[in-house]
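Structure first, commentary second.
Only the coordinates and a few stated rules stand behind these numbers; no lab work does. Nothing here was measured: the structure is a model prediction, and the numbers come from that model. Methodologically, a virtual Cβ is constructed for each residue, glycine included, from the backbone with ideal geometry; neighbour enumeration extends over all protein chains shown.
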Amino acid sequence: MLTLSEFISYFEDSALADNIRENDLLFPLIESVHVVSICLVVGSILVIDLRLLGLASLNRPVGRITNAILPLTWSAFAVAAASGLLLFISNATKYLENGYFLAKVLLICAAGLNMVVFHGISAKDLPRWENEAALPLPARLAGGLSILLWVAVVACGRWIGFTMQVH
Amino acid sequence: MIGAGLSELCNWLAATPLSQTIRAAGWIIPTLQTIHILSVAVVFSSAILVDLRIWRLLERDVPLGEITRRFLPTIWPVLFILLTTGSLLIVGEPRRSLLNSTFYFKMALLAVAIVLTVALQRSTSSSPSFWDGTRIRRIAGRFAASVSILVWCGILFAGRWIAYTQAG
C-alpha cells in the first residue's frame with residue numbers, strides 16, 4: 001500500500017518539483033502568479049461580502065452581483081490553487097511540517113464550506129430578499145465570516161514565508 | 001554618488017528607534033505585510049473589475065460611469081494605507097527597498113497606474129458612457145484597460161520580486 005509520505009515524495013522527487021526548487025526564476029515567478037490570483041480572489045469576494053453585510057452596492061440585487069463577480073473569483077481561485085500546488089510540491093515535506101501552511105489549507109476549506117452553506121441553505125429563498133439593503137442574519141453572518149476567513153488565509157500565507165526557509 | 005547618499009540614508013533610517021522597534025518584535029513585519037497585501041487585493045481588484053467592464057466582460061447592463069463610481073473611489077483611502085504600511089516596511093528594513101532597483105520600478109509603475117485611474121475616474125464622472133461612445137473611443141478605452149491590467153500585474157510582480165533582488 002502506498003503511504004502518504006511515499007505519495008508526497010513521488011511528487012517532490014519529480015523533475016517538475018526539482019525544476020521549481022532549483023531554478024532561480026521559476027519559484028518567484030509562480031509565487032507572483034499566486035499573489036496576483038489570491039489578490040483577485042480576496043478582492044472580488046470582498047465585493048460580495050460587503051453587499052451581504054449591507055455596506056456596499058446596496059442598489060444592486062445580491063444575485064446580480066454574484067453572477068457578475070463569481071466567474072472572476074472562480075477563475076482566479078483555479079489559478080491560485082494550481083500555482084499553490086506547484087509551490088507545494090517543490091518542498092512538500094517542509095510545507096506539511098509548517099503549522100501556518102496546514103492552517104491556511106484548513107481556513108480555505110472553511111471559507112469554501114461557508115460558501116456552500118450560504119448558497120445551499122441560506123440563499124434558498126434569495127429572490128425574496130436579495131433587493132433589500134439590510135439582509136437576513138444568515139446572509140450577513142456568511143459575509144462577515146467570509147471576510148474574517150480570507151484575512152486569516154492571507155495572514156497565514158505571509159507567515160509561511162517567515163517560518164519556513166525554502167531558499 | 002547617489003548610491004553613497006542612499007546608503008547613508010539607509011543607515012540613518014535603520015538606526016532610528018522606530019526602525020529598531022519594527023525589527024525587534026518578530027510579528028510586526030509579517031503583520032504590516034499582511035495588511036499591505038490585503039490592501040493590494042482591494043485596490044487591484046477594484047481596478048481590474050473596472051477594466052473588465054470596459055472590455056464588456058461583466059455588468060454590461062450597467063453604464064461604465066456607475067461601475068467606476070462604485071469601485072474607483074475605494075482606491076484612494078486604501079492607497080493611503082498602502083503608502084503607510086509600505087513606508088513603515090521601508091523604515092524597518094531600508095536596504096531591502098531603497099537600494100533595490102525593483103522597488104523603483106514598482107514605484108514608476110504605480111505612478112502610471114495612478115495617472116490611468118485618475119483619467120478614467122474623471123472621464124466617466126463627467127460623461128458616464130464616454131468610453132462606450134464612438135468606435136475610436138471604444139478601442140481607446142480597451143487599450144487603456146489592457147495597459148491598466150498589465151501595469152497593475154507588473155506592480156504585484158515587482159512587489160514579490162523585491163524579496164529576491166534585495167541588496168545584502
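Mean sequence separation of contacting Cα pairs (under 8 Å, at least six apart), scaled by the length of segment A:25-163, corresponds to a relative contact order of 36 percent.
Relative to the longest principal axis of the Cα atoms of chain B, the long axis of helix B:64-92 lies at roughly 10 degrees. Listed by chain and number, the aspartates and glutamates whose alpha-carbon sits under 16 Å from that of A:K94, ignoring those within fewer than 8 places in the same chain, are A:E6, A:E12, A:D13, A:D18, A:E22. Along its principal axes, segment A:25-163 has C-alpha extents of 49, 25, 22 angstrom, given from the largest down.
In this calculation the C-beta distance from A:L96 to B:I28 is compared with R0 = 25 Å, giving a FRET efficiency of 0.35. Using a cut-off of under 20 Å, list every residue of segment B:140-168 whose amide N is near the label point 7 Å from the Cα of A:L29 along the Cα-to-beta-carbon line. What the label zone holds, given the 20 Å backbone N cut-off, is B:150-166. Computed from Cα positions, the angle between helix B:2-15 and the longest principal axis of chain B comes to roughly 70 degrees. Spin-label pair B:T134-A:E132: with each label point 7 Å from Cα along the Cα-Cβ axis, the two points sit 4.9 nm from one another. Coupling constants for segment B:24-30 follow from the phi torsions by the Karplus curve (6.51 cos²θ - 1.76 cosθ + 1.60, θ = phi - 60°), and in residue order they are 4, 8, x, 8, 5, 5, x Hz; glycine and proline get x. Partners of A:K124 within straight-line reach, counting aspartates and glutamates whose Cα lies under 16 Å from its Cα and excluding those fewer than 8 residues away in the same chain: A:E132. In this Cβ point-charge picture (+1 for Lys and Arg, -1 for Asp and Glu), segment B:2-165 has a dipole of about 380 debye about its Cα centre. Under 17 Å of direct C-alpha separation, and excluding same-chain neighbours fewer than eight residues apart, A:K104 reaches these aspartates and glutamates: A:E31.
From the alpha carbon centroid of segment A:96-123 to that of segment B:124-168 is 32 Å. For chain A, complete DSSP H runs whose alpha carbons reach 20 Å or more along their own long axis and whose mean Kyte-Doolittle score is -1.0 or higher are A:26-53, A:62-90, A:99-117, A:137-163. Any chance you could give the angle, 0 to 90 degrees and rounded to 10, that helix B:135-165 forms with the longest Cα principal axis of chain B? Value to nearest ten degrees: 20. Footprinting exposure proxy ranking of A:V33, A:V79, fewest other C-beta atoms within 10 angstrom first, gives A:V79, A:V33. If the chain linking A:L85 and A:L4 were pulled fully straight, counting 0.36 nm for each residue of separation and taking away their Cα-Cα distance, it would gain 27.5 nm.
Going by the alpha-carbon gyration tensor, a ≥ b ≥ c the square roots of its eigenvalues, is the protein assembly as shown rounded (a/c under 1.5) or, if a/c is not under 1.5, prolate (a/b greater than b/c) versus oblate? Because a/c hits 1.5 or more and a/b fails to exceed b/c, the protein assembly as shown counts as oblate. Relative contact order of segment B:2-165, taken over Cα pairs closer than 8 Å and 6 or more residues apart, is 31 percent. In this calculation the C-beta distance from B:S101 to B:L58 is compared with R0 = 51 Å, giving a FRET efficiency of 0.90.
Taking the Cα centre of segment B:41-117 as origin and assigning +1 to Lys and Arg Cβ atoms and -1 to Asp and Glu Cβ atoms, the resulting dipole is close to 120 debye. Computed over neighbours whose Cβ is under 13 Å from that of A:L72, the net charge equals -1, Lys and Arg +1, Asp and Glu -1.
Note on B:I114 and B:A15: their simple-model spin labels are 3.1 nm apart, each label 7 Å out from Cα toward Cβ.
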